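Values quoted throughout were computed directly from the atomic coordinates according to the rules given, and no laboratory measurement underlies them. As the structure is a prediction and not an experimental result, all values here were calculated from the model. Backbone-built Cβ (ideal geometry, glycine too); neighbour counts: all protein chains shown.
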Amino acid sequence: MLKRAIIGIVVLGTTFQASAMSGKLLLTGGVSQLEGSGGGGLTPWAFIGSYATRDEYGANFHATEVRTQDYTVKAQGLTVGIKNLVELSYSQQVFYTQEVSSANLGKNDQFGIQQDTIGLKFKVYGDGVLDQQTWIPQISVGVQRKENHEEDLVEALGAEDHIGVDYYVSFSKIILNQSFLYNLTLRSTKANQTGFLGFGGGENDEREIMTEMSFGYLLRHNLVLGMEYRNKPNNLTNFEEEDWKDIYLAWAPTKNISLTTAYVDLGNIAVKDNQSGIYTSLQVGF
């Protein structure tokens, strides 16, 4: 079922019109979030990914890498925008545990935990860019289905399952006369480290509502400086999980290309404390 859904998204993306590049302002669709949704690097926004407007279709391909002292995450995927109302996304993420693998997991240094995420987002109210006469944000709801390919490993680490589903609602607004962007996302989840360490655990196996926030300032029409915060659950008995934070810079020289770099603070991950490093992402749109 998962493979059929992925193929369906890819086929749909290849049939979209090139005219989808026409309508939106630069960066108003966001970049591709780690799990594939349009938004910031760490959290989804209410804006529909791509530059497709009301009667158009668009698609973004992204490649992302996050490198800390002891871990590396690589992600690639596709985000599809349909008439600025619906977003489909797919992302494959691989969490490379490097030297930690041989010391703690009995794996070689090149071992990676793969996770596939399929996402769906609907705009349900407002327009966070065009509705400048009101402070009310655009509101979207979304779902992300995640499947971790290392079932035996994550259950040995104390997780209850290797498959999980996140539900979220996002509130986003760009205030053009102040060059300011804000986003609030509320996420219902059981994911450990976004799912890389499975879902649920001995400390907690119930859904919790996590808060995620993004703020940005438009230095120029194609350059945004901002920060993000992502609240995380703490479900596993033997591994503490801490909230994620970043400071990012996103640049879109054209509507076809955007580059994002960020300093990320991911806190404790598994057996390693104080994980911080660099996030880089390239997005190509059609």
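Observations, loosely collected:
- Each residue of segment 225-231 is assigned a 3J(HN,Hα), and the resulting list reads 10, x, 9, 9, 9, 10, 5 Hz, derived from the Karplus form 6.51 cos²θ - 1.76 cosθ + 1.60 (θ = phi - 60°), x at Gly and Pro.
- Interchain or long-range residues, amide H under 5 Å from Asn192's placed H: Leu197, Gly198, Phe199, Gly200
- For Val94, net neighbour charge (Lys/Arg +1, Asp/Glu -1) across residues whose Cβ lies under 12 Å away: -2
- With Cα atoms, 0 to 90° folded angle of helix 2-14 axis to the chain main axis: 30 degrees
- Partner lysines for Lys123 [C-alpha distance under 21 Å; skip if fewer than 8 residues away on the same chain]: Lys24, Lys83, Lys173
- Between Arg207 and any residue 5 or more places off or on another chain, the built amide H atoms are never under 5 Å apart.
- Surrounding net charge for Thr79, when Lys and Arg each add one and Asp and Glu each subtract one, Cβ distance under 13 Å: -1
- Hits among aspartates and glutamates - C-alpha to C-alpha of Lys272 under 12 Å, sequence gap 8 or more where chains match: Asp70, Glu99, Glu240, Glu241, Glu242
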